[in-house]
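Reading through the structure tokens given below for one structure.
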Amino acid sequence: NLEKIKFFLSKIINYLNFLFLFLLILIFSFSSKIIFLIFGKDYLPAIKAFLFVIGSIIPASIGYIFGYYLTGTGKMWLATFFNGLWFFLLVGVFFLFNYKWGALGAGISFYIAYFFQAFLMIIYFRNLLKKPLFILKILILNLIVIIIFYKLL
């Protein structure tokens with residue numbers, strides 16, 4: 001039964017992350033058109049903040065899947081610890097970056113908080129997963145894609 005859970009958990013994370021990475025590249029490619037279409041030309045400077053908020057989808061999905069697993073297996077306090085860590089990291093980084101960079105700082109704060117939460121969860125679950133390095137590579141690839149698109153915008 002535990003092997004089935006490990007297999008199922010690994011498959012969900014792998015497929016979701018490939019799907020999200022494809023969607024992120026697609027969204028990043030058309031981000032200026034999306035912002036212009038939805039909000040108008042006044043919000044075009046917010047594209048870089050939008051990039052980080054949308055880019056946090058992959059780390060957030062990793063965190064949510066592991067969090068649901070912890071909750072489902074009776075480890076609610078550990079899930080609460082990871083969520084509390086995410087919250088304090090988000091608030092701390094938000095106060096540091098938002099003052100200097102405004103909306104861009106808020107977007108970076110979201111990404112950093114989700115990235116470190118997912119990274120720590122991967123470390124915690126490395127024995128449960130069949131391919132923990134594969135998931136870590138997807139997380140790092142997500143970071144690289146965001147940096148590339150940040151430089152291109």
Total Lys pairs in the chain closer than 18 Å by alpha-carbon, pairs eight or more apart in sequence or interchain only?
13
Taking the alpha-carbon centroid of each part, what is the distance from region 73-134 to region 1-67 in angstrom?
15 Å
Before rounding to the nearest 500, sum -39500 (n - 2.57) across all DSSP H runs of length at least 4 in the chain and divide by the residue total; then give [θ] at 222 nm in deg cm²/dmol.
-29000 deg cm²/dmol
If region 24-153 were replaced by its equivalent ellipsoid, with semi-axes equal to the square roots of 5 times the Cα gyration tensor eigenvalues, what would those be, largest first, whole Å?
29, 17, 12
Give the calculated FRET efficiency between LEU21 and MET76 to the nearest 0.05, with a Förster radius of 30 Å applied to their Cβ-Cβ distance.
0.50
Estimated FRET transfer efficiency when R0 is 22 angstrom, pair ASN98-LEU143 (beta carbons, to 0.05)
0.60
Counting other beta carbons within 10 Å of each residue's own, what order do LEU143, LEU129 fall into, fewest first?
LEU143, LEU129
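Output needed for region 83-153: three equivalent-ellipsoid semi-axes, defined as square roots of 5 times the C-alpha gyration tensor eigenvalues, in descending order, whole Å. List each step's numbers first, then the result.
Working: eigenvalues 127, 61, 5 Å².
Ellipsoid semi-axes (Å, largest first): 25, 17, 5.
Read-outs throughout are calculated quantities, based only on the coordinates presented, and are distinct from any laboratory measurement. If you're wondering where the values come from, they're calculated on a predicted model, not measured in any experiment. In this analysis, Cβ positions are derived from the backbone assuming ideal geometry, glycine residues included, and neighbour counts consider all displayed protein chains.
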